[in-house]
Amino acid sequence: MRRLLNGGRVRFVHARILAFVFCATTAIPATAQTLTTLVSFNDTNGAEPNIPLVQGRDGNFYGMTGTGGANNAGTIFKVTPTGTLTTLYNFCSQPGCTDGINTPLIASGLVLGTDGNFYGATTEGGPNSTCNGGSQSCGTVFKITPGGVLTTLHSFNGADGSFPNGMVQATDGNLYGTAQEGGANGAGTFFKMTRSGTLTTLYNFCSQTNCTDGGGPSSAPVQAIDGNFYGTTFGGGAGLGGGTVYKITPKGKFTTLVTEGGSPAGALVQGTDGNFYGTGARGGTVFKMTPNGSLTTLGVVGQYAYAGLVQATDGNFYGTVYGQPGTVFAITPGGTVTTLYTFCTQPSCTDGDYPLAGLIQGTNGNLYGVTIVGGADTACNLIQGASGCGTVFSLSVPGLSPFVEAVTYSGRVGATIEFLGQNFTSSTTVSFNGTPATPSVKPGTYLTAKVPSGATTGYVTITTSGGSLQSNKIFRVIP
């Protein structure tokens with residue numbers, strides 16, 4: 001991906017993404033989907049959004065752009081479900097870009113913390129110019145409030161990793177993430193970080209002979225219901241170096257589960273059946289993996305399937321394919337693929353193109369995502385002559401309904417759990433797998449409830465004046 005940075009400095013990452021291909025899929029054509037372009041970036045307010053959105057407590061969506069903004073170093077933005085955009089922060093606002101430059105490629109997005117703030121990473125910037133022979137800073141981890149106050153928590157120095165991908169907040173409150181390069185072997189790291197910024201390296205990739213444990217982790221891990229973390233590497237492994245799938249405990253015990261992963265790039269998602277689902281960029285496949293590492297290819301969705309999947313309320317998985325043109329697809333747990341939308345079908349690609357990032361499902365039921373080029377504003381010319389600075393879009397799909405989402409999906413009795421949803425009022429009720437709990441409601445889109453005594457593992461149901469809504473995942477009650 002081409003990065004236009006300060007003074008025209010250019011960095012190339014995963015250059016194979018730039019290869020444009022025309023690729024047939026096993027998709028079944030679908031109709032009745034409605035795509036709405038919510039935002040067309042214009043460079044001044046950012047350009048090339050390339051990571052998934054995240055929904056905040058206020059019901060709005062938050063994301064990052066890879067370039068553009070006041071300093072041409074990327075932005076953090078907020079967008080309402082109807083498309084009103086607010087720029088919260090312009091990177092490189094501090095001398096020497098110590099606050100960071102650019103968002104990660106093929107990575108996870110911002111993380112909504114249990115404190116209501118967002119946590120994220122920049123691939124470059126920070127005070128430590130110790131990467132690439134001392135010519136480049138190694139990236140940062142930051143915290144930003146919903147109002148736009150940014151705090152740099154950690155600046156990587158190469159030895160502790162470089163070019164971080166993103167993180168997940170675990171049940172212990174700490175952040176766990178990966179850096180795609182650096183560390184003891186130069187092949188990336190897996191780290192733990194407190195919310196105040198204290199970093200501990202738990203694993204250095206390529207620690208095994210011939211890098212059979214993988215190298216170049218390309219996305220943040222996911223914490224599974226067993227408490228362990230699961231993730232992917234883009235390189236290393238057996239054979240031709242097609243990447244790996246790994247498991248690592250919170251204390252750093254590392255296990256390689258799959259040694260030839262087809263170059264998995266996006267984050268894994270654990271399905272409601274307990275298995276993991278992901279994409280392989282090489283071959284454009286969707287795979288299912290059991291917790292012990294047994295892997296099955298479910299279907300082919302299109303070359304350059306770099307983004308991870310989201311399991312929606314209908315039980316199916318949804319994702320994007322980067323290409324010319326890009327697509328949005330659905331795949332059932334049994335492997336039936338359906339193309340839901342093909343980009344650049346509107347004149348001058350005003351609907352966007354090249355959806356590099358994955359999708360999220362908003363609590364209103366719609367899918368939301370970004371494209372790195374296209375849109376109504378032609379101020380940018382970012383990728384091989386393609387015009388437009390990128391878009392934010394929503395996609396309504398028949399059968400996808402509103403739901404409630406927990407900020408964290410496990411906790412002990414007495415723990416306070418946060419929920420996002422719609423139309424919460426003072427009369428809203430909550431139950432954990434049938435056991436009532438007393439909520440504390442901020443009218444609108446946010447409430448909290450303590451895990452009640454006697455609660456068991458299962459779905460959470462929240463009842464409003466409009467009816468009952470169920471969580472999209474099972475909530476695990478920790479003994």
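The values are calculated or read from the model by the stated rules, or taken from the named source; none is laboratory data. Keep in mind the model is a prediction, meaning the values are calculated, not measured. We place every Cβ from the backbone using ideal geometry, glycine too, and count neighbours over all the protein chains shown.
Below, the figures for the structure above:
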quantity	calculated
Residues of segment 396-405 satisfying the condition of being surrounded by fewer than 18 Cβ atoms within 10 Å (Cβ to Cβ) and either under 22 Å from the mean Cα position of the chain (by Cα) or among the polar types (S, T, N, Q) (or both)	SER396, SER401
Residue that is modelled with pLDDT of 95 or more, of a type in the set (S, T, N, Q) and not assigned by TED's automatic domain parsing to the domain that holds ALA224, where the choices are THR438, THR464, THR456	THR456
Test result for THR279, in contact (Cβ under 8 Å) with a residue 24 or more places away in the chain and either assigned by TED's automatic domain parsing to the domain that holds VAL222 or surrounded by fewer than 17 Cβ atoms within 10 Å (Cβ to Cβ) (or both)	yes
Segment 406-456, residues that are charged (D, E, K, R) and over 24 Å from the mean Cα position of the chain (by Cα)	ARG412, LYS442, LYS450
Total residues in segment 272-310, condition over 15 Å from the mean Cα position of the chain (by Cα), closer than 26 Å to LEU469 by Cα and part of a strand (DSSP E or B)	1
Residue ID - farthest from PRO402 (Cα to Cα), chosen from residues in segment 287-312 that are among the β-branched types (Val, Ile, Thr) and modelled with pLDDT of 95 or more	THR290
Selected residue [at pLDDT 95 or above and not assigned by TED's automatic domain parsing to the domain that holds GLU418] from VAL39, VAL21, VAL10	VAL39
Inter-residue pairs, beta-carbon under 6 Å, first assigned by TED's automatic domain parsing to the domain that holds MET167 and closer than 17 Å to THR114 by Cα and in segment 131-154, second polar (S, T, N, Q) and assigned to a strand (DSSP E or B), 6+ apart	PHE142/THR152; LYS143/THR151
Candidate set from segment 131-172 (those that are under 15 Å from ALA121 (Cα atoms) and among the hydroxyl-bearing types (Ser, Thr, Tyr)); member that is modelled with the lowest pLDDT	SER137
Filter result (in contact (Cβ under 8 Å) with a residue 12 or more places away in the chain, surrounded by fewer than 24 Cβ atoms within 10 Å (Cβ to Cβ) and assigned to a loop (DSSP other than H, G, I, E, B)) within segment 106-130	GLY113, THR114, ASP115, GLY116, ASN117, PRO127, ASN128, THR130
Flag if THR313 is in contact (Cβ under 8 Å) with a residue 40 or more places away in the chain, assigned to a strand (DSSP E or B) and of a type in the set (S, T, N, Q)	no
Top-ranked residue in segment 89-121 [being more than 14 Å from the chain's Cα centre (by Cα) and polar (S, T, N, Q); ranked as modelled with the lowest pLDDT]	ASN102
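Here is a yes/no grid of residues against (1) modelled with pLDDT under 95; (2) among the charged types (D, E, K, R); (3) closer than 17 Å to ASP115 by Cα:
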| site | (1), (2), (3) |
| --- | --- |
| SER401 | yes, no, no |
| THR408 | yes, no, yes |
| ILE417 | no, no, yes |
| SER431 | no, no, no |
